[in-house]
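FYI, it's all coordinate maths here, none of it is from the lab. Model, not experiment: these values are computed from the prediction. With ideal geometry, Cβ positions are generated from the backbone for all residues, glycine too; neighbour counts draw on all protein chains shown.
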Amino acid sequence: VDFEFDVDDNYDPTLTCSLVVDNMTLQTGEFSSDETGLFQEILMIGNHPWYIQCADDANNTGFSGIETLIVIDTSGPDMAFNHATTYFRGETMYFNVTITDPSGVEDVDATLEMPNSDIMEVFLLDRDSDYVQDYETTINSTLGNYALDVYAVDELGYSTRDQSEIVLTY
C-alpha cells in the first residue's frame with residue numbers, strides 16, 4: 001500500500017513524519033516542507049485505521065485525520081498438486097490438490113481429460129483444504145497423458161484454474 005501525504009511548515013524546512021497503522025508506528029522518515037511524502041507497507045487483509053504524524057524541530061506535532069484502509073484479497077485461490085504424475089495401468093490414480101485462499105474457498109470444479117480427448121467430471125472431496133479423489137484404472141485403460149483440470153473460486157468471486165498432467169503407462 002502506498003501511503004502518500006503532503007507536508008508543510010512555514011518555519012521549519014524539515015519535518016519528521018511517522019506512519020501509524022493499527023495504533024503502531026510502522027515507519028518514520030525526514031521530509032522537506034512542501035514535499036510529498038511516501039511510505040510503503042504490506043498489510044494483512046482486514047480494516048486498518050491509519051494516520052500520519054509529523055513534528056518540527058521545536059517538537060510541534062501535527063496529525064492527519066484518521067482514515068480507514070480496507071485490504072481485500074483480489075487474487076484467486078492458490079493451488080498445489082500433491083499427487084504422483086505417473087501411474088501404471090491397473091493402479092488407482094489418486095488426485096490430491098491443496099487449495100487455499102485467505103478469503104475462503106467457495107467452490108471447486110474439476111475434469112479429467114483422457115488420452116482420447118474424452119472429458120469426465122471429477123468430484124473432488126474437501127478434506128481440510130486438500131481436495132481428493134481417486135480414479136480406478138484397469139488393464140484395459142487407455143495409456144497416455146491424462147490432464148486433471150481444476151477450477152476454484154474464492155468467497156469474493158475471484159478464481160484460479162490450473163492443470164496437472166498425469167501419465168498412465170504399462
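The stretch 45-106 and the stretch 114-135 have Cα centres spaced 27 Å apart. For TYR146, the residues 5 or more places off, or on other chains, whose built amide H falls under 5 Å of its own are ILE166, VAL167, LEU168. Could you tell me whether the stretch 83-139 comes out rounded, prolate or oblate from its Cα gyration tensor? Rule is a ≥ b ≥ c as square roots of the eigenvalues, rounded for a/c under 1.5, then prolate if a/b exceeds b/c, otherwise oblate. Since a/c reaches 1.5 and a/b is larger than b/c, the shape of the stretch 83-139 is classed as prolate.
Less than 13 Å Cβ to Cβ from GLU136, Lys/Arg counted +1 and Asp/Glu -1: what total charge do the surrounding residues give?
Working: positive: ARG89; negative: GLU91, ASP134.
Here the count lands on -1.
Count Lys and Arg as plus one, Asp and Glu as minus one, and take only other residues whose Cβ is under 14 Å from that of MET93; the net charge is then -4.
Cβ under 14 Å from ASN59's Cβ, ASN59 left aside: what net charge do those residues give with Lys, Arg +1 and Asp, Glu -1?
On the way: positive: none; negative: ASP9, ASP12, ASP56, ASP57.
My count for the surroundings of ASN59 gives -4.
Answer with a single label: of (1) 20.2; (2) 15.4; (3) 17.2, which was calculated as Kirkwood radius over Cα pairs in Å from the structure in view? Recomputing Kirkwood radius over Cα pairs in Å here picks out (1).
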